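Working notes, structure below.
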Amino acid sequence: MILVTGATGVIGRPLVELLVQAKARVRAVTRAGAPTPDAPAAGAPAPVEVVTGDPSRPETLAPHLHGVTALFLHPRAAGDAAADLVALAAEHGVRRVVALAAANIDEPLDHQPSRLRGDRNKEAEEAAVTSGLEWVSLRPSSFAVNALTGWAAQIRAGDVVRGPYAGFRETPIDERDVAAVAAHALLADDVLRQRIHLTGPQALTHAEMVETIGRVIGRPLSYVEVPPEAAVQGWVARGIPEPFVTALMARYARDLGRPPRVSEEVARILGRPAYGFASWAEEHAAEFTRTM
Ligand SMILES: NC(=O)c1ccc[n+]([C@@H]2O[C@H](COP(=O)([O-])OP(=O)(O)OC[C@H]3O[C@@H](n4cnc5c(N)ncnc54)[C@H](OP(=O)(O)O)[C@@H]3O)[C@@H](O)[C@H]2O)c1
């Protein structure tokens, strides 16, 4: 039995699906209410046992650890409790922990914008590595889905995306690839004790990413650079916390012109190429075009 925390989220949903396809038994954790027979909570596939608990309060998961052999440790869901959750899992006989972390966790903590949202990627990795259990840590680069959260509203409204740092390069990784490597790490033994740097197959500037989305949806999209201060104002007006946005701008300013490393790990581990950004955009084309 595999216990998946963060199971209703961006990585957790495709992970649960892949584990089910692989015929693994899955227990999916959500803070939402318990499922009814007609409506499995959070839309999880039917063979999944959906349980209610909050990974940031590990005691709430104690009733769900019986029979669990492997844990997927989600840093946003576990928050400051990653080490306690892993210790509790070990007490209950869990033998393996696969942590989601992030590509930037070796950078100074104040250079990691996601910490300002409460993400504890470094702590999740450390909890796994120091657990005494079999462990794997996944260190993905920016998720491709950030293009949806950052740009979809503007693309639905017109052909111009206004944003900062048009020339900033990302290596966007398809969430399906992060989930597939996570599933592999939970089920197979060939990547144990590895911190795995995961990226998409290409480095693309913000402008190139927007142009790619435009090609996929058949519209001449362009990225118009605005000063960082204007971008901060716009994002804060949309409800994104200012400290997070400011830290993100600092990251762009710091790393602009520094080419990011493209990793081959997805292909090495999965034996197939990583999905490219155009393929990701095809999967999500409707979200860039539908009227809300
Ligand atoms: N976005 C990126 O570019 C990127 C890149 C590398 C690493 N990361 C890291 O990956 C993680 C995000 O992964 P994701 O996108 O899969 O997360 P997500 O979809 O936002 O969240 C996963 C699930 O965790 C639960 N959750 C969310 N916030 C919580 C909280 N405060 N307390 C307890 N449970 C909470 C929710 O489930 P329920 O509501 O069902 O309980 C949610 O569905 C972060 O640690 C982030 O730093 C992100």
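Nothing in this text is a laboratory measurement; each read-out follows from the coordinates by a stated rule. The model shown is predicted, which means the values in this text are computed figures rather than measured ones. Counting neighbours? That spans all protein chains shown, and the Cβs are built from the backbone with ideal geometry, glycine included.
Legend: ranking of residues LEU109, LEU221, LEU148 from fewest to most surrounding C-beta atoms inside 10 Å; resulting order LEU109, LEU148, LEU221.
Express the Stokes-Einstein translational diffusion coefficient of the range 70-215 in µm² s⁻¹, to the nearest whole number, given a Kirkwood radius over alpha-carbon pairs, 20 °C and a viscosity of 1.002 mPa s. Provide the component values of the computation, followed by the final result.
Values: Rh = 16.5 Å.
Rounded, D is 130 µm²/s.
Tell me the Kirkwood hydrodynamic radius of the range 2-140 in angstroms, computed as one over the mean inverse distance between distinct C-alpha pairs. Intermediate values should be presented prior to the final figure.
Working: mean 1/r = 0.0670 Å⁻¹.
Every distinct Cα pair counted, the radius reaches 14.9 Å.
For the range 190-256, the list of trypsin sites (Lys or Arg not before Pro) that fall in a loop by DSSP and count at most 13 other C-beta atoms within 10 angstrom reads ARG193, ARG238.
With R₀ set to 30 Å, the beta-carbon distance separating ARG95 from ARG156 gives a calculated FRET efficiency near 0.05. Per the Debye formula on identical point scatterers at the alpha carbon atoms of the chain, with no solvent, log10 I(q)/I(0) at q = 0.08, 0.12 Å⁻¹ is -0.35, -0.80. Ranked for footprinting exposure by Cβ neighbours inside 10 Å, fewest first, VAL48, VAL20 give VAL20, VAL48. Residues PHE72, PHE288 in ascending order of nearby Cβ atoms (within 10 Å, fewest first): PHE288, PHE72.
Could you tally the net charge around PRO75, taking each other residue with its Cβ under 13 Å from the Cβ of PRO75, Lys/Arg +1 and Asp/Glu -1? Walk me through the intermediate numbers first.
Numbers: positive: ARG76, ARG115, ARG117, ARG120, LYS122, ARG139; negative: ASP80, ASP119, GLU123, GLU125, GLU126.
Neighbour charge sum, excluding PRO75 itself: +1.
Projecting the Cα positions of GLY214, LEU3, VAL232 onto the charge dipole of the chain (unit charges on Cβ atoms of Lys, Arg, Asp and Glu, taken about the Cα centre) puts GLY214 furthest along the positive direction. Per-peptide packing, taken as the mean over residues of other Cβ atoms within 10 Å, places 273-285, 120-132 in the sequence 120-132, 273-285 from highest down.
Using only side-chain charges placed at the Cβ, +1 for Lys and Arg and -1 for Asp and Glu, the dipole size of the chain relative to its Cα centre rounds to 220 debye. Distance between the 7 Å Cα→Cβ label points at LEU187 and THR52: 3.1 nm.
Residues with beta-carbon under 9 Å from that of ALA274, excluding ALA274: net charge, scoring Lys, Arg +1 and Asp, Glu -1? Display every interim value, and only then the final one.
Numbers: positive: ARG272; negative: ASP174, ASP177, GLU264, GLU265.
Combined, the nearby Lys, Arg, Asp and Glu give -3.
For the chain, the 222 nm mean residue ellipticity estimated from helices alone, with every DSSP H stretch of n ≥ 4 adding -39500 (n - 2.57) and the total spread over all residues, rounds to -11000 deg cm²/dmol. Using the Cβ of GLY200 as centre and a radius below 13 Å, the other residues enclosed give a net charge of -4, where K and R count +1 and D and E count -1. Reducing the range 99-151 and the range 180-200 to their Cα centroids gives an inter-centroid distance of 14 Å.
Within the chain, which whole H helices from DSSP have a Cα span along their axis of at least 15 Å and a mean Kyte-Doolittle hydropathy of 0.5 or more, if any?
On the way: long enough: 146-157 (18 Å, 0.17); 175-187 (18 Å, 0.79); 206-217 (17 Å, 0.44); 242-255 (20 Å, -0.11).
In the chain, the long hydrophobic H runs are 175-187.
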